[in-house]
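Asks: Sharing a structure with you now.
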Amino acid sequence: GAGVSQTPSNKVTEKGKYVELRCDPISGHTALYWYRQSLGQGPEFLIYFQGTGAADDSGLPNDRFFAVRPEGSVSTLKIQRTERGDSAVYLCASSYTPWDTDTQYFGPGTRLTVL
Amino acid sequence: KQEVTQIPAALSVPEGENLVLNCSFTDSAIYNLQWFRQDPGKGLTSLLLIQSSQREQTSGRLNASLDKSSGRSTLYIAASQPGDSATYLCAAISSGSARQLTFGSGTQLTVLP
């Protein structure tokens with residue numbers, strides 16, 4: 001079946017602009033996660049949704065970052081007033097349940113470049 | 001706060017060699033530990049998941065072990081092939097941290113033909 005998909009695959013924007021990154025999880029998966037990966041580093045957790053609600057947003061770096069999942073499926077990560085330090089690959093993952101026995105399946109990521 | 005470390009950062013081996021990748025974590029109170037593979041410009045592919053009650057998991061030529069008391073996990077790759085070349089990441093889910101994975105920085109593996 002289809003895996004996790006993310007759009008766009010690449011996004012180039014100018015400093016100060018607003019961007020939206022989209023994630024389509026695997027159908028039927030209730031848990032959805034956003035991570036950010038800088039060059040040469042492992043991914044860092046941003047936010048986790050169970051259904052429509054954000055169960056843990058402790059990884060969001062500041063209030064310029066916001067994410068929604070209004071219908072419990074597709075999620076959008078929104079970044080306001082982008083800064084050059086926001087440049088990274090943004091990864092989305094989903095799992096059937098949030099239980100620790102369940103693997104998180106990752107999408108291919110969106111590479112964000114802020115000029 | 002959980003910290004995950006992977007050593008070495010890069011490894012190059014000739015084809016056919018057996019090899020071990022190392023992962024260490026500071027907080028032994030983990031729910032599970034996962035090993036992932038990442039190819040250049042691609043997302044992460046889950047290889048093995050070891051639950052906290054387990055000692056090891058095997059899939060084909062891969063074997064992952066978990067020793068919570070020492071805060072270590074290893075990924076053993078048997079009879080390495082050039083197609084195994086990728087970055088290997090380990091990640092832990094810690095108790096008290098909801099469901100977030102804490103990743104190491106990865107080991108970049110190159111298998112030479």
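Asks: From the list A:R69, A:R22, which one is open to solvent by less than 30 Å² (accessible area, probe 1.4 Å), more than 14 Å from chain B (Cβ to nearest Cβ), within 14 Å of the chain's Cα centre (by Cα) and of a type in the set (K, R)?
Replies: Residue meeting the stated conditions: A:R69.
Asks: Name the single residue, out of those in the range A:75-115 being without any contact (Cβ under 8 Å) to a residue 60 or more places away in the chain, more than 14 Å from every other protein chain (Cβ to nearest Cβ) and surrounded by fewer than 16 Cβ atoms within 10 Å (Cβ to Cβ), that is farthest from B:S53 (Cα to Cα).
Replies: For the range A:75-115, the residue satisfying everything is A:G85.
Asks: Sticking with this one: If B:D39 passes every condition in (1) open to solvent by 40 Å² or more (accessible area, probe 1.4 Å); (2) over 25 Å from A:L32 (Cα atoms) but one, which one does it miss?
Replies: (2)
Asks: With the condition kept exactly as written, say whether any residue in the range B:20-36 is closer than 24 Å to A:S9 by Cβ, assigned to a strand (DSSP E or B) and at pLDDT 95 or above. Give the derivation first.
Replies: The first filter runs over the range B:20-36 and keeps only residues closer than 24 Å to A:S9 by Cβ, leaving B:36.
Pick out the ones that are also assigned to a strand (DSSP E or B) and you get B:36.
Right, trim to at pLDDT 95 or above and you get B:36.
Taking every residue of the range B:20-36 in turn, at least one turns out to be closer than 24 Å to A:S9 by Cβ, assigned to a strand (DSSP E or B) and at pLDDT 95 or above.
Asks: Which of the numbered conditions does B:L49 fail, given that it passes all the others? Conditions: (1) in a strand (DSSP E or B); (2) open to solvent by 40 Å² or more (accessible area, probe 1.4 Å); (3) over 16 Å from B:T87 (Cβ atoms).
Replies: Unmet condition: (2).
Asks: Which one of these does A:A55 not meet: (1) at the interface with another protein chain (Cβ under 10 Å from one of its Cβ atoms); (2) open to solvent by 50 Å² or more (accessible area, probe 1.4 Å); (3) more than 26 Å from B:Q54 (Cβ to Cβ); (4) assigned to a strand (DSSP E or B)?
Replies: Of everything listed in (1) at the interface with another protein chain (Cβ under 10 Å from one of its Cβ atoms); (2) open to solvent by 50 Å² or more (accessible area, probe 1.4 Å); (3) more than 26 Å from B:Q54 (Cβ to Cβ); (4) assigned to a strand (DSSP E or B), A:A55 misses just condition (3).
Asks: Could you check how many residues of the range A:49-72 are under 21 Å from B:S105 (Cα atoms) and in contact with a Phe, Trp or Tyr (Cβ under 6 Å, 6 or more places away or on another chain)?
Replies: 1
The values are calculated or read from the model by the stated rules, or taken from the named source; none is laboratory data. Every value quoted in this text rests on a predicted model; they were computed, and no experiment measured them. Heads up, the Cβs are rebuilt from the backbone with ideal geometry, glycines too, and the neighbour counts pull from every protein chain shown. These area figures cover heavy atoms from the full protein model, side chains too; ligands, DNA and RNA do not enter into them. Shrake-Rupley method; radii C 1.70, N 1.55, O 1.52, S 1.80 Å.
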